[in-house]
Every structure is written in C-alpha cells, then in structure tokens.
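**Student:** Have a look at the structure that comes next, please.
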Amino acid sequence: MCIRDSQVGGGLGLNNNLLSTLPESFGRLNVGGAVLLCQNHLSTLPESFGEIGVGGNLLLSDNHLSSLPDAVGAVRVRGDLYLTDNPLAVLPEFKHVKGQVHHFGSWFRGTPSESRQ
C-alpha cells in the first residue's frame, strides 16, 4: 500500500483490525476527522508518522508500542492524542497537539518528567 499526500475528508477507523504494521507512507495522510488505530497489534510506527495531520483525535491506545519514532513529536493533531495501554517508557514533546496527550495507563513505565529529558 502506498499513500502519497492523500486527503481523507472524514475520519479513518482502523481500530480492532489486528494490524501489526503500517506502511511508511501512512504518515503522509491528512485526515479531516479522527484517526482510530487503537486495539491493534502495532509494535512500531513508521518514521513518516510525524508528518500525519489529524483534524480530530488520534487514538493509538491498546497496542504494543514500546517506543515511538523520533519524528512523532511533530504530529499535527487538532484534538487529543491517546497513547494509553502501551508499554511506553519515554515520550517526546508533542508540539502540535491542540488537545491533551493521554499516556498514563496500566502499561506506562515512565513519568512525564522522564519522558521530556
């Protein structure tokens, strides 16, 4: 699957689909609504994920993400970003998330101060 600077007018619901990977080109999407990627089997995100634009919430909760690509701090999210219930130890600073970043959950191993160092 190859995505090239694609626009999605509404939301994109890919939750609960047993996805284990996303194509590198996934980050080139601009989605007008929410992006639902929760309840999958994602253990990594493509480097390009920092380029994604989301007009609503971005839900990555309940996956297997133990780390995030360096560029992910640049994601543009007009709503909230949900990272709960992933085994994350470190979080980047999210500079372009208009809402809140939800990251505490049963699997979070770090603290906000550790994640920003």
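The values are calculated or read from the model by the stated rules, or taken from the named source; none is laboratory data. Quick caveat: nothing in here was measured; it's all calculated off a predicted structure. Cβ placement follows ideal geometry from the backbone for every residue including glycine, while neighbour counts extend to all protein chains displayed. Just so you know, the surface numbers come from the protein's heavy atoms only, side chains and all, with ligands and any DNA or RNA stripped out. Shrake-Rupley method; radii C 1.70, N 1.55, O 1.52, S 1.80 Å.
**Student:** Kindly list, by first and then second residue, each pair from a residue in the stretch 27-49 that is more than 16 Å from ASP85 (Cβ to Cβ) and touching a residue at least 24 places away in the same chain (Cβ under 8 Å) to a residue that is crowded, with 19+ Cβ neighbours inside 10 Å and among the charged types (D, E, K, R), limited to pairs with Cβ atoms under 8 Å and residues at least 6 apart or on different chains.
**Tutor:** If the second residue must be crowded, with 19+ Cβ neighbours inside 10 Å and among the charged types (D, E, K, R), the pairs left are GLY27/GLU51; ARG28/GLU51.
**Student:** Could I ask something else about it? Could you count how many residues in the stretch 25-46 are under 13 Å from VAL72 (Cβ atoms) and touching an Asp or Glu at 6+ places or on another chain (Cβ under 7 Å)?
**Tutor:** Total satisfying the criteria: 2.
For every residue, the table says whether it meets (1) modelled with pLDDT of 95 or more; (2) at positive phi; (3) open to solvent by less than 40 Å² (accessible area, probe 1.4 Å).
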site	(1), (2), (3)
ASN16	yes, yes, no
HIS41	yes, no, no
PRO46	yes, no, yes
GLU51	yes, no, no
LEU58	yes, no, yes
LEU83	yes, no, yes
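**Student:** So which residues in the stretch 1-14 are hydrophobic (A, V, I, L, M, F, W, C), exposed (fewer than 15 other Cβ atoms within 10 Å of the Cβ) and either touching a Pro at 6+ places or on another chain (Cβ under 6 Å) or modelled with pLDDT of 95 or more (or both)?
**Tutor:** MET1, the sole residue that qualifies.
**Student:** Looking only at the stretch 60-72, count every residue that is surrounded by fewer than 19 Cβ atoms within 10 Å (Cβ to Cβ) and either out of contact with any helix residue (DSSP H, G or I) (no Cβ under 7 Å at 6 or more places or on another chain) or part of a strand (DSSP E or B) (or both) and tell me the total.
**Tutor:** From the stretch 60-72, those surrounded by fewer than 19 Cβ atoms within 10 Å (Cβ to Cβ) are 64, 66-67, 69-71; that's our starting set.
Adding the requirement that they be either out of contact with any helix residue (DSSP H, G or I) (no Cβ under 7 Å at 6 or more places or on another chain) or part of a strand (DSSP E or B) (or both) leaves 64, 66-67, 70.
Here the count works out to 4.
**Student:** Here's another thing I want to ask about it. Could you identify the single residue in LEU65, LEU91 that is aliphatic (A, V, I, L, M) and in contact with a Gly (Cβ under 8 Å, 6 or more places away or on another chain)?
**Tutor:** The match here is LEU91.
**Student:** Can you tell me how many residues in the stretch 18-36 are at negative phi and either basic (Lys, Arg) or surrounded by fewer than 19 Cβ atoms within 10 Å (Cβ to Cβ) (or both)?
**Tutor:** 10
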